[in-house]
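Structure record follows, encoded as structure tokens.
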Amino acid sequence: MARFELKLPKMGESVAEATITSWLKEVGDTIELDEAVVEIATDKVDSEVPSEVEGTLVEILFEKDAVVGVGETIAIIETEGSDSTSAIIANKVEKSQVEQPQVTEVEKTIEKAVEIVSTPIAKNSDSGKFYSPLVRNIAQTEGVSMEELETIVGTGKDNRVTKDDILSYVQNKGKSSLPKVESAKIESPKPTEKPVAKAAPVSVNGGDEIIEMSRMGKLIAKHMVDSVQTSAHVQSFIEIDVTNIVKWRDKVKDAFLKREGEKLTFTPILMQAIATTIKKYPMINIALDGDKIIKKKNINLGMAAALPDGNLIVPVIKNADQLNLVGMTKSVNDLANRARNNALKPDEIQGGTYTVTNVGSFGSVMGTPIINQPQVAILALGAIRKVPAVIETPDGDFIGIRQRMFVSHSYDHRVVNGALGGMFISTLKEILEAWDVNADF
């Protein structure tokens, strides 16, 4: 018999903890190699934790909504042998005896617990109901008989009795068969947090509704408030004529799709130009740590993408300045598609040094984005519109129809002054307006 400790894996340099959002397996379930056991969430991304072994889940050490540190054991999987309940109980009772002070009353309580536990409750009742090892442990410790277990209405999968069900029964029962000494209870050795009940929407004044914010919504809200309180936000705006880019894309997009198997949107074209501009102004590609400025070696572009629930996530294109247009297009399309399907990996949303958000995709002409900490700048791309514009020629000025867009640049005025912030978007404008309509891809 072997016991494997399933630990919360490392999920990137800046991620120290995660919240358990859902257990995909219950105690007593068989688990295959690489099969997902639990769903977790960080302030960056949601993901699953797979099992590294085959076996049976015998213990869950943290409940749903508990916050767990990286490297902590979250579950125990038995990889060989039969029912290990007795061994688990003996181990926990022994731990209780070691940890608790040598008080006569406590010793008597533990001895009584061992006596009760020595006659284990069957895994399956006469009626065919299945009871997990954890539920049976609690029942034995609290003196709940099999007949009483049969009367508890289960809320788990297939109407199984869960830990919360039996604890609720014991609490309502009034008095446990044992003195209420915490050390004698057969429970998870790790402190757990009870699930937070979500309030149903409540009608207010006949027509209003109170809706609880989602977990990710709360994290985003805190991140935005922290950023505003940290950085001295200031904005610069510029209008860019992208007529040549629109014409060029219309001309090559079908051939691009046929040759590369990728749709060519405006995003990779703009992202490539932004990476080139950052290379010219490396002091935009920095982070602030107290009184120290950290000049980033790599240009890693964060690309704000919309999720199905309306929230935003920022996957990162690593070393963006080293990608040609084909490479940039493949990266943009891949990250955007997997963001929509909640399939991003934790490492793919970390390490960004500069962020770009496309507010034009929602029809906005311009926006004033909030800096994505600990970065010092963020660029918002407005919608591309046909507008009447003055066209300067050697023969004089004319009015014509041009494709134009506004670009908004938010930057941290503690370290980026107006000259640098303005020159950055002015150079971006020059690069985009000089696009060669006859260029190949």
Looking at the range 241-259 only, could you name the residues that are in a helix (DSSP H, G or I) and of a type in the set (Asp, Glu)? Asp250, Asp254
Check whether at least one residue in the range 330-349 is at pLDDT 95 or above, β-branched (Val, Ile, Thr), touching a helix residue (DSSP H, G or I) at 6+ places or on another chain (Cβ under 7 Å) and over 22 Å from Met224 (Cβ atoms), and report yes or no. yes
Identify the residue in the range 351-392 that is of a type in the set (Gly, Ala, Ser) and part of a strand (DSSP E or B) and, among all such residues, is farthest from Thr277 (Cα to Cα). Ala389
Residue in the range 168-178 that is outside the structural domain of Asp29 (by TED's automatic domain parsing), buried (at least 16 other Cβ atoms within 10 Å of the Cβ), modelled with pLDDT of 80 or more and in a loop (DSSP other than H, G, I, E, B) present: no
Total residues in the range 21-42, condition assigned to a strand (DSSP E or B), of a type outside the set (Asp, Glu) and closer than 20 Å to Glu348 by Cβ: 4
When the range 288-304 is checked residue by residue, the ones that are at pLDDT below 95 and under 18 Å from Ile370 (Cβ atoms) are Leu288, Ala304
Somewhere in the range 271-285, is a residue touching a residue at least 40 places away in the same chain (Cβ under 8 Å) and in contact with a Gly (Cβ under 6 Å, 6 or more places away or on another chain)? no
Criterion violated by Pro374 - all others in (1) modelled with pLDDT of 95 or more; (2) under 16 Å from Ala232 (Cβ atoms); (3) not acidic (Asp, Glu) satisfied: (1)
Taking the condition modelled with pLDDT under 90, outside the structural domain of Ile349 (by TED's automatic domain parsing), part of a strand (DSSP E or B) and out of contact with any Cys (no Cβ under 6 Å at 6 or more places or on another chain), does Ala18 pass? yes
When the range 236-266 is checked residue by residue, the ones that are farther than 17 Å from Arg385 by Cβ and among the β-branched types (Val, Ile, Thr) are Val252
Condition first: surrounded by fewer than 12 Cβ atoms within 10 Å (Cβ to Cβ), under 30 Å from Gly418 (Cα atoms) and at pLDDT 80 or above. Can you find one or more residues in the range 215-223 that meet it? yes
Among the residues that make up the range 231-240, is at least one of them surrounded by 15 or more Cβ atoms within 10 Å (Cβ to Cβ), at negative phi, touching a residue at least 12 places away in the same chain (Cβ under 8 Å) and in a helix (DSSP H, G or I)? no
With respect to Val407, is the statement that it is assigned to a strand (DSSP E or B) and at pLDDT below 95 true? no
Working only within the range 391-419, note down all residues that are under 36 Å from the mean Cα position of the chain (by Cα) and surrounded by fewer than 16 Cβ atoms within 10 Å (Cβ to Cβ). His413, Arg414, Asn417, Gly418
Which pairs have Cβ atoms under 6 Å, sit 6 or more apart or on different chains, and link a residue in the range 251-264 that is of a type in the set (Val, Ile, Thr) to one that is part of a helix (DSSP H, G or I) and surrounded by fewer than 11 Cβ atoms within 10 Å (Cβ to Cβ)? none
Can you tell me which residues in the range 254-280 are touching a Ser or Thr at 6+ places or on another chain (Cβ under 7 Å) and within 12 Å of Ile425 (Cα to Cα)? Thr277, Lys280
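The values are calculated or read from the model by the stated rules, or taken from the named source; none is laboratory data. Because the structure is a prediction, the values reported are computed rather than measured. Backbone-built Cβ (ideal geometry, glycine too); neighbour counts: all protein chains shown.
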